[in-house]
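Below is one structure; the comments refer to it alone.
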């Protein structure tokens with residue numbers, strides 16, 4: 001992509017997402033992230049009328065009486081976007097690749113954050129942290145992030161989310177809203193989400209493609225794993241093969257859904273062949289309603 005083409009694509013994304021950004025800023029963005037605008041201060045004994053959601057169950061169990069968490073107000077939220085740039089995220093069989101979809105979602109979230117005077121940062125990861133943008137406010141910060149998602153050429157092909165988190169741990173001392181954009185094909189990433197959720201408000205956005213859910217009936221096809229480099233020939237003309245392929249993918253999605261639900265991590269699936277605006281807005285609305 002030439003600099004002129006990149007500039008046009010960044011501008012196109014900004015224009016096409018403008019209405020959604022405006023709606024989110026005016027509506028659900030403010031309260032969609034758990035703990036927005038607060039920083040942990042201390043625990044104290046529970047008093048009648050306290051919100052039961054603020055009970056610190058670890059301290060309560062240890063002391064044998066209910067205690068609640070208290071917080072200080074903060075003026076800014078930090079939003080961190082963790083973008084999977086491993087080889088599998090370059091795949092796309094429909095309107096766009098997963099990486100292009102990630103760029104559009106990143107644009108919406110980053111522009112909404114900066115319009116709300118929050119700070120936004122990002123880290124691109126494969127089997128290492130490829131690029132890190134420290135959190136900062138402003139439209140230029142948001143558009144620069146989108147530009148990097150579109151043009152960045154990663155060095156690593158595989159995925160190592162724990163290694164990325166090891167790099168980021170010293171930089172994430174304070175609570176933040178963390179959005180992870182990935183296909184989550186590596187189960188090690190699931191455990192990484194769990195680790196993040198101990199301190200931060202985590203949203204997992206699973207980027208999928210229709211060809212990952214259903215093989216077309218085209219006879220013999222060669223499947224290539226872009227991360228491992230492995231090749232496999234399958235007979236897509238065989239209904240049993242197509243059915244098994246679909247069943248395995250369904251089982252994978254169900255397992256990821258159970259894992260995140262059990263750990264209180266919100267999961268949103270977005271497809272490369274579908275518009276994402278309405279689904280993203282509805283997802284934010286559901287999160288906001290749970291906090292009323």
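The values are calculated or read from the model by the stated rules, or taken from the named source; none is laboratory data. Owing to the predicted nature of the structure, the values given are computational and were not obtained by experimental measurement. Glycine also receives a Cβ, built like all others from the backbone with ideal geometry; neighbour counts cover every protein chain displayed.
Some points to look at:
- Among the residues making up the stretch 123-143, those that are part of a helix (DSSP H, G or I) and either more than 13 Å from residue 79 (Cα to Cα) or touching a residue at least 60 places away in the same chain (Cβ under 8 Å) (or both) are 139, 140, 143.
- Test: residue 60 is touching a strand residue (DSSP E or B) at 6+ places or on another chain (Cβ under 9 Å), modelled with pLDDT of 80 or more and assigned by TED's automatic domain parsing to the domain that holds residue 19: no
- Check on residue 264, assigned to a loop (DSSP other than H, G, I, E, B) and in contact (Cβ under 8 Å) with a residue 24 or more places away in the chain: yes
- Residue match in the stretch 225-240 (condition: in the same structural domain as residue 96 (by TED's automatic domain parsing), surrounded by 14 or more Cβ atoms within 10 Å (Cβ to Cβ), modelled with pLDDT of 75 or more and farther than 24 Å from residue 160 by Cβ): no
- Test: residue 204 is in contact (Cβ under 8 Å) with a residue 24 or more places away in the chain, in contact with a helix residue (DSSP H, G or I) (Cβ under 9 Å, 6 or more places away or on another chain) and either more than 17 Å from residue 129 (Cα to Cα) or part of a loop (DSSP other than H, G, I, E, B) (or both): yes
- Unmet criterion (only one of (1) under 21 Å from residue 13 (Cβ atoms); (2) at pLDDT 90 or above) for residue 116: (2)
- Of the candidates 146, 120, 180, 108, the single residue that is touching a helix residue (DSSP H, G or I) at 6+ places or on another chain (Cβ under 8 Å), surrounded by 16 or more Cβ atoms within 10 Å (Cβ to Cβ), touching a residue at least 60 places away in the same chain (Cβ under 8 Å) and assigned to a strand (DSSP E or B) is 180.
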